[in-house]
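To keep things clear, I will list the structure first and then write my remarks on it.
Any read-out appearing in this document is the output of simple, stated calculations on the displayed coordinates, not a laboratory observation. The structure presented is a predicted model; accordingly, all values stated were derived computationally and were not measured. FYI the Cβ positions are ideal-geometry reconstructions off the backbone, even for glycines, and counts take in every protein chain you see.
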Amino acid sequence: MIAWNGCVNIPQSRCFHSARRCWRAVELSLQNLDLKPFDQAILAAVLVRAHELRDSGADAITFCELDGDLQPWDKDGRPKEPLHTLYADSGVLVYGDFALETPTKIASSPQR
């Protein structure tokens, strides 16, 4: 098992800025998400930061993602598991554009 503080001391992991993000990336890598390592790192950062923001009182967390690999829906707009559940459990509403228009509201919308 990797120690929390040891994870951020690995030179290649400095981009995580926290042991929680690094450890979350390790957890995600064990879930067979079919994501590239960089996408796993991005997903870990988004999920951990969403929890941090929620803990500090944020009401709504949105994530704009153009990369289909990290979007929680397929090309037909159906929820893509387990990404859908990961985002929903973290209270993250994912948009497929930076105008915050697509999707208008899909099943991955946080229900808090």
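List the residues, sorted by chain then number, that are 5 or more residues from W73 or on another chain and whose placed amide H is less than 5 Å from its amide H.
K80
Counting Lys and Arg as +1 and Asp and Glu as -1, what is the net charge of the other residues whose Cβ lies under 10 Å from the Cβ of R20?
Working: positive: R21, R24, R49; negative: E52.
Result for the local shell: +2.
If packing is taken as the average count of other Cβ atoms within 10 Å, what order do 91-97, 72-78, 44-50 fall into, highest mean first?
Values: 91-97: 19.1, 72-78: 13.0, 44-50: 21.1.
Ranking the peptides 91-97, 72-78, 44-50 by packing returns 44-50, 91-97, 72-78.
Less than 11 Å Cβ to Cβ from G68, Lys/Arg counted +1 and Asp/Glu -1: what total charge do the surrounding residues give? Mind showing how you got there, number by number?
On the way: positive: K75, K80; negative: D39, E65, D67, D69, D74.
So the environment of G68 carries a net charge of -3.
With labels modelled as points extended 7 Å from the Cα through the Cβ direction, what inter-label distance (nm, one decimal) is found for F98 paired with Q31?
According to this spin-label approximation, the distance is 2.7 nm.
Multiply the residue gap between F38 and S18 by 0.36 nm, knock off their C-alpha separation, and tell me the result in nm, one decimal place. Working shown, then result.
Details: separation 20, 0.36 × 20 = 7.20 nm, distance 1.62 nm.
Working it through step by step, the gained length comes to 5.6 nm.
Cβ neighbours within 10 Å, averaged per peptide: list 82-90, 32-40 in order, most packed at the top. Mind dumping the intermediate values first?
Numbers: 82-90: 18.2, 32-40: 13.1.
So the order, starting with the most tightly packed, is 82-90, 32-40.
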